[in-house]
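Structure record follows, encoded as structure tokens.
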Amino acid sequence: MTERLPFHLLISIFFFARDGNEVPEFDHGGEMVRWDSTESAQTFCQVCRSWLAAGVFTLYRSMSIIGGDKADLFLRTIRDRPERADLVRSLVLGLPGDNDEAPDAERQSGKSIDVLEACRLVQHLQIRPLHPAVRPRLLAAIRARRLRSLVCLPRNSDDDDSLYHDFDLLELVTPYLQSLEVDFFSDPLPLPSRLPSFPTPLSLRDFRAFASGSNALVLDLIKASGSTLENVSVYFETFFENPRTVAEAFAPSTNTLKTLSFLCNPTVAELDGLYDEDALQLFDRILPSFRRLESLVTAATEVSSHVFGGLPPSLRHLEVRSLNHRPAFRFNPAAVVALDDPSVPFRLEVLKLKELDWQESEVARMRVALERRGTEFVYDEED
């Protein structure tokens with residue numbers, strides 16, 4: 001009876017019956033956007049002839065082609081059946097292990113780009129580091145496709161800089177892109193004194209970046225994506241002395257942003273010269289302007305306990321982390337007084353503090369004040 005099931009119903013069954021094991025993080029996608037593997041659909045292709053077309057459709061929907069051998073196999077297949085390349089919607093490309101230094105790394109990387117060039121309709125792409133020689137072809141292929149998701153990640157390795165992409169954000173953003181995740185440590189190219197503009201209009205909804213020397217470009221992209229941006233996760237290794245630059249970057253997205261992770265981990269020397277623990281911090285100043293923000297994760301140097309007097313009504317989750325063991329986000333009795341004032345709007349559901357140097361009595365006072373407001377309080381001394 002199953003042999004006579006219609007094509008669309010077979011596809012639904014095959015997608016439902018895929019391997020139920022969870023795909024490991026970053027194997028297919030990134031932290032914000034992930035897609036499922038369809039490799040288990042290969043079994044369905046071998047059951048009977050009437051299942052072959054639906055099995056192939058399911059199998060090719062999401063491909064992970066790591067290394068030159070797998071790329072060669074894919075390219076040989078589509079030489080005989082070119083229509084299969086147009087079935088690919090999600091694609092992972094890269095070299096196995098630490099092969100970017102192998103003698104044939106350039107050849108293997110070239111084969112990976114051959115695969116990408118053949119998959120004209122791919123929408124979601126994860127790229128792991130390839131040989132530098134293929135960079136022009138890779139960038140041209142990215143710009144020629146209407147990608148919705150692009151994830152550029154290092155391989156799992158103890159080595160750092162050599163395994164990261166040699167890209168900057170200006171090269172990766174296209175008008176159709178909805179989700180972008182990039183891990184990199186520094187600007188690979190000298191930045192001009194006046195930053196070029198990003199393509200407009202942008203459709204970026206999700207953005208994650210790990211940056212140390214690219215702060216200006218990261219903030220510029222956030223500003224350019226303001227009308228659509230909903231989820232942002234950024235990590236910097238410098239301290240923003242002037243909150244106005246960050247406020248200007250987020251100003252266009254105050255009506256759209258829902259989740260924000262904004263972590264700064266500057267050097268101790270930089271904090272000694274710039275950080276004033278008694279002053280209003282970055283999010284003390286700008287957090288009240290967000291109208292739809294539901295979750296904020298930030299460093300202890302970017303917010304203080306003064307923030308409780310200006311939380312946006314939409315905020316449900318607040319997490320403050322200490323990244324550098326500075327005496328930041330100290331306990332403030334005035335915060336308890338504000339929490340005890342029923343006239344102060346407060347709809348926070350969860351407050352999580354991590355690795356802050358609070359006394360037990362201070363933790364207890366804050367816990368009691370928050371419980372009166374119906375807020376869950378989590379205090380972690382160590383990560």
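Annotations
Results for (1) more than 14 Å from Thr375 (Cβ to Cβ); (2) not aliphatic (A, V, I, L, M), shown as yes or no for each residue.
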position	(1), (2)
Val297	yes, no
Ser304	yes, yes
Gly309	yes, yes
Leu323	yes, no
Ala328	yes, no
Ala335	no, no
Val344	no, no
Leu351	no, no
Leu356	yes, no
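- For segment 173-184, filtered to residues that are more than 19 Å from Ser227 (Cα to Cα) and surrounded by 21 or more Cβ atoms within 10 Å (Cβ to Cβ), the residue that is modelled with the highest pLDDT is Val182.
- Counted residues, segment 222-266 - those being part of a loop (DSSP other than H, G, I, E, B) and out of contact with any Lys or Arg (no Cβ under 7 Å at 6 or more places or on another chain): 11
- For segment 347-372, a residue qualifies if it is within 29 Å of the chain's Cα centre (by Cα) and crowded, with 16+ Cβ neighbours inside 10 Å, and the qualifying residues are Leu348, Leu351, Leu353, Lys354, Glu355, Leu356.
- Some residue of segment 309-324 being farther than 18 Å from Cys264 by Cβ, of a type in the set (A, V, I, L, M) and at pLDDT 90 or above: yes
- From the options Arg79, Arg137, Arg120, Arg107, residue that is part of a loop (DSSP other than H, G, I, E, B) and surrounded by fewer than 22 Cβ atoms within 10 Å (Cβ to Cβ): Arg120
- Here the condition is being open to solvent by 20 Å² or more (accessible area, probe 1.4 Å), more than 17 Å from the chain's Cα centre (by Cα) and either among the β-branched types (Val, Ile, Thr) or more than 21 Å from Ala335 (Cα to Cα) (or both); of Pro243, Pro288, Pro313, it holds for Pro243 alone.
- Some residue of segment 251-268 being over 23 Å from Pro312 (Cα atoms) and open to solvent by 50 Å² or more (accessible area, probe 1.4 Å): yes
- Failed condition for Pro342, given (1) at pLDDT 85 or above; (2) out of contact with any strand residue (DSSP E or B) (no Cβ under 7 Å at 6 or more places or on another chain): (1)
- Residues in segment 294-310 that are charged (D, E, K, R) and either in contact with a Phe, Trp or Tyr (Cβ under 8 Å, 6 or more places away or on another chain) or without any contact (Cβ under 8 Å) to a residue 24 or more places away in the chain (or both): Glu302 alone.
- Residue check for Leu163: of a type in the set (A, V, I, L, M), surrounded by 15 or more Cβ atoms within 10 Å (Cβ to Cβ), modelled with pLDDT under 85 and within 21 Å of Arg291 (Cβ to Cβ): no
- Taking the criterion of being farther than 11 Å from Leu293 by Cβ, crowded, with 18+ Cβ neighbours inside 10 Å and without any contact (Cβ under 8 Å) to a residue 40 or more places away in the chain, the residues of segment 226-240 that qualify are Gly226, Leu229, Val234, Tyr235, Phe236, Glu237.
The values are calculated or read from the model by the stated rules, or taken from the named source; none is laboratory data. Quantities reported herein were computed from a predicted structural model and do not represent experimental measurements. No Cβ is skipped: glycine too gets one built from the backbone with ideal geometry, and neighbour counts run over all protein chains shown. For accessibility, only protein heavy atoms count, side chains too; no ligands or nucleic acids. Shrake-Rupley method; radii C 1.70, N 1.55, O 1.52, S 1.80 Å.
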